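J.: Questions regarding the structure given below will be posed in turn.
The values are calculated or read from the model by the stated rules, or taken from the named source; none is laboratory data. Source: prediction; values computed, not measured. We place every Cβ from the backbone using ideal geometry, glycine too, and count neighbours over all the protein chains shown. The area values use the complete protein model at the heavy-atom level, side chains included, leaving out ligands, DNA and RNA. Shrake-Rupley method; radii C 1.70, N 1.55, O 1.52, S 1.80 Å.
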Amino acid sequence: MEDLTPEDISQILNTSKLMKGISERDVKKAPTLRGKTIINMFAEPSTRTRTSFEIAGKRLSADVINISTSGSSMSKGESLKDMVANLEAMRPDLIVVRHKSDGAPAMISRWTNCTVVNAGDGRHEHPTQSLLDMMTILESKRKLEGLNVVIFGDIKNSRVARSNMIGMKKMGMNITVCGPKTMLPLYVEEMADNVTTSLADAVVGADVIMALRIQTERLEKAKFPNAREYSRLFGLTLSHLKKAKHNAIVLHPGPINQGIEISPEVVEGQWSVVLDQVTNGVAVRMATLYLLLGAGLQKTE
Ligand code: CP
């Protein structure tokens, strides 16, 4: 999201809206990317992102190949660089990368001539998640500028929080971040308008509330006493929603730990747009692939 201008973000969101129309047809297919080859390279688990990139490519008629670390020769000791060189030798047009290391997609883009899309790298960024979050907010609120958004939970380890803080700031949203002190990154005050450790305070007057999962896979040691204590202090409940604006919406990037960062009543209530986020994930990824491969945009350094 750091590389995108507000105009770029608006262009992707407008294109995503058009792409969503394709998914709503009886025949969910357009010929736009016929003859293009896309490799989804996922070196970390994923349900939503991997599936939606695959569906997005196929809805635009590209040939899509999925590879994961466990099923590739990386499990036999092949380096990432060698693997990318071998994949490039098969002449793909675009590689979608998810990796546990910050900066892996950027590094891969320097090793290859084909276009590289970041599908989530370590604690760094998850740009298409941020774009689908903004698309979902825009659908509900008809604007982004001036909205009060609360992002709460494990901010420090969340690439979703980071991409959204960068992207939403560019779109003029007022950002409040909230979490236990141990889960707030250094210099968070430079990325958000307000920082608090009280969820009850954070949600007052919110238009948008985004819950985040505790990234247990990225915690070196426990940052809170236990799940029950965490949930008591940082679990979103119906009582929090009463303090937000009457038409506030609730987002979660998934996967959800119900009963920890969010109560089941909140996930299932009318304010929840969690499954709209998933639907819009396909549209945003179609737009991303289209703009990079179909609309003649060039790779930039
Ligand atoms: N939101 C998200 O990235 O989900 P997955 O890990 O299932 O792709």
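J.: Taking every pair of alpha-carbon atoms in the stretch 107-266, give the share separated by more than 19 Å as a whole percent.
T.: Tail of the P(r) past 19 Å holds 53 percent of the pairs.
J.: Between R25, R98, R48, find the one with the highest GNM mean-square fluctuation for the chain; connect C-alpha pairs within less than 10 Å.
T.: Checking each option, the largest mean-square fluctuation is seen for R25.
J.: Calculate, in nm to one decimal, what Q258 and N86 gain on full extension: separation in residues at 0.36 nm each, minus their alpha carbon distance.
T.: Extra length available between Q258 and N86 comes to 57.8 nm.
J.: Right, something else. Give the dimensionless ratio obtained when the Cα radius of gyration of the chain is divided by 2.2 N^0.38 Å.
T.: This ratio for the chain stands at 1.00.
J.: So what is the relative contact order for the stretch 127-273, in percent, with contacts set as C-alpha pairs under 8 Å and at least six apart?
T.: Relative contact order, the stretch 127-273: 24 percent.
J.: Given a Förster distance of 51 angstrom, what is the FRET efficiency for S198 paired with R110, based on the Cβ-Cβ distance and rounded to 0.05?
T.: 0.75
J.: Here is a further query. Under the definition of Cα pairs under 8 Å and six or more residues apart, what whole-number percent is the relative contact order of the chain?
T.: 19
J.: If I build a Gaussian network model for the chain, linking alpha-carbon pairs within less than 10 angstrom, which residue out of V266, V208, V97 has the largest mean-square fluctuation?
T.: V266
J.: Order F224, F42 by their accessible area, 1.4 angstrom probe, all chains in place, largest first.
T.: The ranking, largest first, comes out as F224, F42.
J.: Where only protein heavy atoms count, and the probe is 1.4 Å, what is the accessible area per residue for the chain in Å²?
T.: Counting only protein heavy atoms, the per-residue value for the chain is 47 Å².
J.: Then there's this: Specify the residue with the greatest mean-square fluctuation among G21, G205, G179, computed from a Gaussian network of the chain linking alpha-carbon atoms under 10 Å apart.
T.: G21
J.: Can you tell me how much longer the chain between T237 and S72 gets when fully stretched, taken as 0.36 nm per residue apart minus their C-alpha distance, in nm with one decimal?
T.: Contour length minus Cα-Cα distance gives 55.2 nm.
J.: Moving on to the next point. If each DSSP helix of 4+ residues adds -39,500 (n - 2.57) and the sum is divided by the residues in the chain, what number results at 222 nm, nearest 500 deg cm²/dmol?
T.: Result for the chain, helices only: -11000 deg cm²/dmol.
J.: Still on this structure, I have one more. Once the whole set of protein chains is in place, how much accessible area is left on W111, using a 1.4 Å probe, in Å² to the nearest 10?
T.: 80
J.: What do you get for GluC sites (Glu not before Pro) in the stretch 1-77 restricted to DSSP loop and a cutoff of at most 14 other Cβ within 10 Å of the site's Cβ?
T.: E2, E24
J.: Please state the relative contact order of the stretch 239-301 as a whole percent: Cα pairs under 8 Å, 6+ residues apart?
T.: Worked out over the stretch 239-301, it gives 27 percent.
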